[in-house]
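Read the structure below first, then the notes.
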Amino acid sequence: MESAVQLVEGSTNKKVFWTSMASGVLLLGLLLVTFGLSGVAYAVPLAGVGDFYVQFDKLEGTGYTFYPKMGETSSESSVPEGTNLIENLTIDHLQLYKDFKVGSDWIRVKIVASKPVQITGLQQDAGLIEANAKFQNLTLQEKKSDDWTKQFQQTSSSIVLENAKLKTHYLFQKTINMSGMRLTVEKIKK
C-alpha cells in the first residue's frame, strides 16, 4: 500500500520574524544583565549586539585603567576603541539602550535604573565617551613595545564622570546591583 505525500509550501513574514529574533536575542542578553531585580548578578557580559549607548548623571569609581585597542562590532571586524577598567563604581541615573531597525521601523530596548547602581569589576570598550571628567593621581604612561595597544596606558586612583554618554561595543561587570530597574521596548522615530 502506497501512501501519498502532499508537500505544503509555507511562507514567513520577514518583519515579524526579524522583530521577534532581535527582541529575543537582546532580551536574553539583558536578562543576564538584570538577573535578580533587587539582587546581584555575577559575571555579566553584554556584547555582539553592536553599538549601544550608556548614559548617566554621575559615575564615581576607584581603580581606573584605560588602554587603546582594536575591537569588533556588529558592523565591522576591527575598529579603534578604548578599554576602560574600573574596580569599584557607583552610577546615578543609569540608562542603557540599543536601537534596532526592523523592516522600515526602529525599536529601542532600554534599561533604566531609578536608584544608584553598584558595580565591581567593570570592563567597557567604547568608541566614544562624552563627559565632564575628574581624576585623582592620574598617570599617563608610554612603554616601548611592537604591539601598539601596549604602548600607552592611563591609570588613576579615582575617576568621576558627570553628564556622560558612551558609545559602547562591549560591557562586562563582575557584579552589578541594579535596584529600581525598568526595561522597556518601544517603537521610535529616527
Rel. contact order, % - alpha carbon contacts under 8 angstrom, at least six apart, the range 103-190: 52 percent
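Based only on other Cβ atoms within 10 Å, what is the fewest-to-most ordering of S77, S156, S179?
Listed from fewest to most nearby Cβ atoms, that is S77, S179, S156.
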Distance (nanometres) between label positions extended 7 Å along Cα→Cβ at D57 and K174: 2.8 nm
Cα centroid of the range 86-103 to Cα centroid of the range 137-181, whole Å: 15 Å
Of K165/K189; K69/K187; K69/K189; K115/K187; K101/K167, pairs whose Cα-Cα distance is over 28 Å: K69/K187; K69/K189
Set K150/K190; K110/K150; K98/K174 screened for pairs whose C-alpha atoms are more than 31 Å apart: K150/K190; K110/K150
A133 paired with T184, simple spin-label distance in nm, labels 7 Å along Cα-to-beta-carbon: 3.1 nm
Net charge, L94 excluded, C-beta distance under 15 Å - Lys, Arg +1, Asp, Glu -1: +2
Ranking of K58, K101, K165 by count of other Cβ atoms within 10 Å, fewest first: K101, K165, K58
Chain lengthening between V112 and S157 when straightened (0.36 nm per residue, less Cα-Cα): 13.4 nm
Spacing of the two label points (7 Å from each Cα toward its C-beta) at K69 and K144, in nm: 2.7 nm
Other-chain or far-sequence residues with amide H under 5 Å of G71's (modelled H): V79, E81
Net charge, D51 excluded, C-beta distance under 10 Å - Lys, Arg +1, Asp, Glu -1: +1
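Quick note: the coordinates plus some simple rules give every number you see, no bench work behind them. This structure is a prediction, so every number in the text was calculated from the model and none was measured. Here Cβ is always computed from backbone atoms with ideal geometry, including for glycine, and neighbour counts include all displayed protein chains.
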